[in-house]
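All remarks here apply to the structure that follows.
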Amino acid sequence: MRKTIAVVGPTASGKSKFAVQLAGIIGGEIVSADSRQIYKGIPVASNIIPLQERKGITHHFIEQLDLQEEFAAGEYARQAGNVINKIFEKGKIPVICGGSGLYIKALIDGFFEGNFKDNEIRKKLKEELREKGKEYLYDKLKQFDPETAEKITPAFSTRIMRALEVYYLSGKKISELQKINVKPDFETVQIGLNWNREKLYKRINDRVDEMIKNGLLEEVKILKIEGYHYSRFNSLNTVGVKEVLDYLDGYISETEMIELIKRNTRRYAKRQLTWFNTDVRIQWIEMNEKINPFETETVKSLIKEIKSDIS
């Protein structure tokens, strides 16, 4: 069976640069699995790898959607699966790269919700969310699909509305439909980049300082001027954007904003590690400043295996 490679791990672990170098060695293209880098208008906040650092390697699912568009994991899996097949047809190797665990799981293990979409139902749910709040919709979900409700909190309003939309259209629970997995027609080898927690947190703090230097505030100011806010657009319900908007709205100071971005990014990295650590298939590389991951036996064996498969 055809093989892809997935480069996973927490934010600030160096996935993007590693994936670019790997793709250059094996003749690959990058398939981003990042639920925020897929949006236009937030390159600094989502930490998109600069064009000059992509080394001419084609990247997919980078700055593809407008901020008002919604994009679920199931739709990502469907579209990314099609892109992967086209990459294979060109004789190249897909290198999946990202920290959005649900996107990666949906893509490599299969994900099925059915083609259940209705703009009128979605509009009605958004009106209920605006008028009655997240708890109201969450209580509805607990009534119709308690299994799905147990896995999330009221804060996940987009997922709650999606689950209700599927139920209203099909009469079936999304938790049941998701068990009907359509398996992909390729295998995936997962490589994880892991850092000592203290060093990872320092990398995160340094990255936030670099984001500020690279124009994070100016980027979010433009969003605010154009009427975008995390309270209305799920694409902006992300670390970095939320704190800057709160600063611009006068709720916190600039110093508090920076410290909150660092703290919330560290917490996000911890959640990512908790997710990925449940997948025993991931081959972890223990990273530090002195190690070249391409000199580890794990990566050397992987490259040799991939090259053998395509020769």
For the stretch 141-158, check the following and say yes or no: at least one residue is touching a residue at least 60 places away in the same chain (Cβ under 8 Å) and under 23 Å from C97 (Cα atoms).
no
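Show me the helices (runs of 4 or more DSSP H) found entirely inside the stretch 187-262 where at least 3 residues are more than 30 Å from E289 (Cα to Cα).
The qualifying helices (runs of 4 or more DSSP H) are 216-225, 241-248.
Table: residues versus (1) more than 17 Å from the chain's Cα centre (by Cα); (2) in the same structural domain as N196 (by TED's automatic domain parsing); (3) surrounded by 18 or more Cβ atoms within 10 Å (Cβ to Cβ).
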{"position": "V44", "(1), (2), (3)": "no, yes, yes"}
{"position": "E53", "(1), (2), (3)": "yes, yes, no"}
{"position": "T58", "(1), (2), (3)": "yes, yes, no"}
{"position": "L67", "(1), (2), (3)": "no, yes, no"}
In the stretch 215-247, anything of a type in the set (S, T, N, Q) and surrounded by 15 or more Cβ atoms within 10 Å (Cβ to Cβ) is listed as N234, S235, N237, T238
Looking only at the stretch 283-311, count how many residues are surrounded by 17 or more Cβ atoms within 10 Å (Cβ to Cβ) and closer than 28 Å to T238 by Cβ.
3
Here are some residues: L216, L236. Which one is in the same structural domain as P10 (by TED's automatic domain parsing) and in contact with a Gly (Cβ under 7 Å, 6 or more places away or on another chain)?
L216
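Within the stretch 215-227, does at least one residue satisfy the condition of being closer than 25 Å to V95 by Cα and not hydrophobic (A, V, I, L, M, F, W, C)?
No, that holds for no residue.
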Quickly run through the stretch 25-81 and pick out the residues that are modelled with pLDDT of 95 or more and among the acidic types (D, E).
E29, D34, E53, E63, D66
If we keep just the residues of the stretch 94-117 that are among the charged types (D, E, K, R) and over 26 Å from T11 (Cβ atoms), which is modelled with the highest pLDDT?
K117
Mind checking which pairs have a first residue in the stretch 254-280 that is more than 25 Å from I212 (Cβ to Cβ) and assigned by TED's automatic domain parsing to the domain that holds Q190 and a second that is of a type in the set (A, V, I, L, M) and not in a helix (DSSP H, G or I), Cβ under 7 Å, 6 or more apart or different chains?
F276/V8; F276/I282
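The values are calculated or read from the model by the stated rules, or taken from the named source; none is laboratory data. This is a predicted model, so every value here is computed, not measured. A quick note on method: Cβ atoms are made from the backbone with ideal geometry, for glycine too, and the neighbour counts reach across all protein chains shown.
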